[in-house]
Amino acid sequence: MAELNGHRPALDVTGVRRDLVGPDRALRLIDVVDSTGSTNADLLTRCADGEDIAGLVLVAEHQSSGRGRLGRPWSAPARSQITFSLGVDASGAPPGSWGWLPLLTGVAAADAVAATTGISPGLKWPNDIMVGEGKLGGILAEVAAPHPVIVVGLGLNVTLTVEEAPDPRATSLLMLGSTMLDRSALLGSILAELTARIDRWQATGGPDRGLVADYLARSVTVGTRVHAQLPGDRDITGMATGIGQLGELQIDTGAGIVSVSAGDVTHVR
């Protein structure tokens, strides 16, 4: 296992800003803060206050009130993760395609991690970045109503140790033995992949065949037996057979195909 040597460097986004920020670039602004409650919550508040957050990235060295889907808390020591949120202009894409944003974010993050570290993550529908049974990261997408803007947040464990992990199922690049632990380089790679994916999603008004194929190639859920806890205290069990046009998980229960767009999905062993 790579060693920390007791030091976690601060992010340096100088190169990321040079490559990705500008009038004719993918992003308008990258803000970095030492600590905040939640980058998603901060961008949603700024949007509610009238600020245009499309193309704005908020990065935090530490989140004290980080959260995932279903409001689940998530925390880690300062500078042990990459945590950021991005405002995405969704005005050119039909609302039915918005469910693909967390999925394409997962593909972008997984591709960036693989290219940068050699570790190839899988994606558990709809928002977990996995390596084996360990959760390397997660994604949370929220609509900034009433504006056609979606806030996409991502957290990725970089130098988190076993002792620091908030959940025994968590893993990190350090725990996985990666010697590439440069968060600044990883952030730049993830944002480059993500903005390229978002550009294509906006241009086509939804997922293209390449995105669907790339997601299925990374999916560790499709082809697996799953249990889904649905809103309204309903639950189903069956084989996950695919991803629908709206980004929903398709489950064959034996009595028919059920499309799940919201709920808590677990793999059945």
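Readers should treat all values here as calculations from the given coordinates under stated rules, not as data from a laboratory. From a predicted model like this one, the values you see are computed outputs, not experimental measurements. Note that each Cβ is placed from the backbone with ideal geometry, even for glycine, and that neighbours are counted across all protein chains shown.
Table for the structure above
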| read-out | value |
| --- | --- |
| Cα gyration tensor shape of segment 137-190, rounded if a/c is under 1.5, else prolate or oblate by comparing a/b with b/c | oblate |
| Formal net charge of residues neighbouring Pro148 (Cβ-Cβ distance under 14 Å; K, R +1; D, E -1) | -3 |
| Most positive-pole-ward Cα, Gly210, Ala48, Ile251, against dipole of the chain from beta carbon charges | Ile251 |
| Normalised contact order of the chain, rounded percent, pairs of Cα under 8 Å and 6 or more residues apart | 18 percent |
| For the chain: rounded, prolate or oblate by the Cα gyration tensor [a/c cutoff 1.5] | oblate |
| Kyte-Doolittle mean at least -1.0 and Cα axial length at least 18 Å: DSSP H helices in the chain | 100-117, 183-204 |
| Cα gyration tensor shape for segment 221-267, rounded if a/c is under 1.5, else prolate or oblate | rounded |
| Ala93 long-range amide H proximity, modeled H, under 5 Å | none |
| Most mobile of Leu230, Leu181, Leu103 in a GNM of the chain (Cα contacts under 10 Å) | Leu230 |
| Sorted peptide list for 154-161, 12-19, 120-127, criterion being average Cβ within 10 angstrom, highest first | 154-161, 120-127, 12-19 |
